[in-house]
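Engineer: Below is a structure I'd like to ask you about.
No value in this document is a laboratory result; all are computed from the given coordinates. Every value quoted in this text rests on a predicted model; they were computed, and no experiment measured them. Don't worry about glycine lacking a Cβ; one is built from the backbone with ideal geometry, like all the others, and counts go over all protein chains shown.
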Amino acid sequence: MKKLNWFARPEKFKNRLIMVILGVLIQGFGLSWLIEIHFGTDPCSAFTQGVISHVGLTFGTAQLLINLILFIIIFLSGQFFYCTEKSFSDTSLIGFGTIANMISIGYISDTCRWIYSRIFPAHFFESMPVRICILLPALIVFIFGAAMYMTAALGTSPYDAISFILAKKV
């Protein structure tokens, strides 16, 4: 019987879990700035923004549902494209980081944006100088957060897992 290696607890698990939590918090914070300045986000978040423009969901809820659908596709495709050496759905990419990313980043972004709406004037993020000044720091924060949670190696988001799986198979 094949042993499942998802949700495994590798050495230094506590340190890695802290990295995942901090990375997801940082990434959600950076994403909130990217959404506010309207210069674009990562592809998954851009897709989510497109979805919420047509349905009555918050960004966090839509992000969770989209990631849940991708998560299910990963497992269903693993059943359909099973090969003896390794399943199409590489469960080593699924772990605590996957769940933290799926559940948290969208809601963290929503929460940060709610806080901004209470702190900053109504049209603060519409000024081009402000948007330009925020762009580079927002990108750095977002990328640092993503690198931090991925470096912990406790799983990636379903969106990222699909690209890693396809890269291995193509």
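Engineer: Using per-residue counts of other Cβ atoms within 10 Å, averaged over each peptide, order 142-149, 95-102 from highest down.
Structural biologist: Working: 142-149: 19.6, 95-102: 22.9.
Ranking, from highest mean packing down: 95-102, 142-149.
Engineer: So, by mean Cβ neighbours within 10 angstrom, what's the order for 62-73, 26-37, 151-162 with the highest one leading?
Structural biologist: Numbers: 62-73: 18.0, 26-37: 23.0, 151-162: 21.4.
Answer by packing, highest mean first, reads 26-37, 151-162, 62-73.
Engineer: Across the range 107-117, in residue order, what do the Karplus-derived ³J(HN,Hα) couplings come to in whole Hz, using 6.51 cos²θ - 1.76 cosθ + 1.60 with θ = phi - 60° and x for Gly and Pro?
Structural biologist: Result, rounded to whole Hz: 6, 5, 4, 4, 5, 4, 5, 5, 5, 4, 5.
Engineer: Rounded to the nearest 0.05, what FRET efficiency is calculated for Y107 and F144 with R0 set to 25 Å and r the Cβ-Cβ distance?
Structural biologist: Working: r = 20 Å, r/R0 = 0.79.
Efficiency for this residue pair is about 0.80.
Engineer: Also, I was wondering about something else. Whole angstrom only: what separates the Cα centroid of the range 20-56 from the Cα centroid of the range 110-141?
Structural biologist: Comparing the Cα centres of the range 20-56 and the range 110-141, I get a distance of 13 Å.
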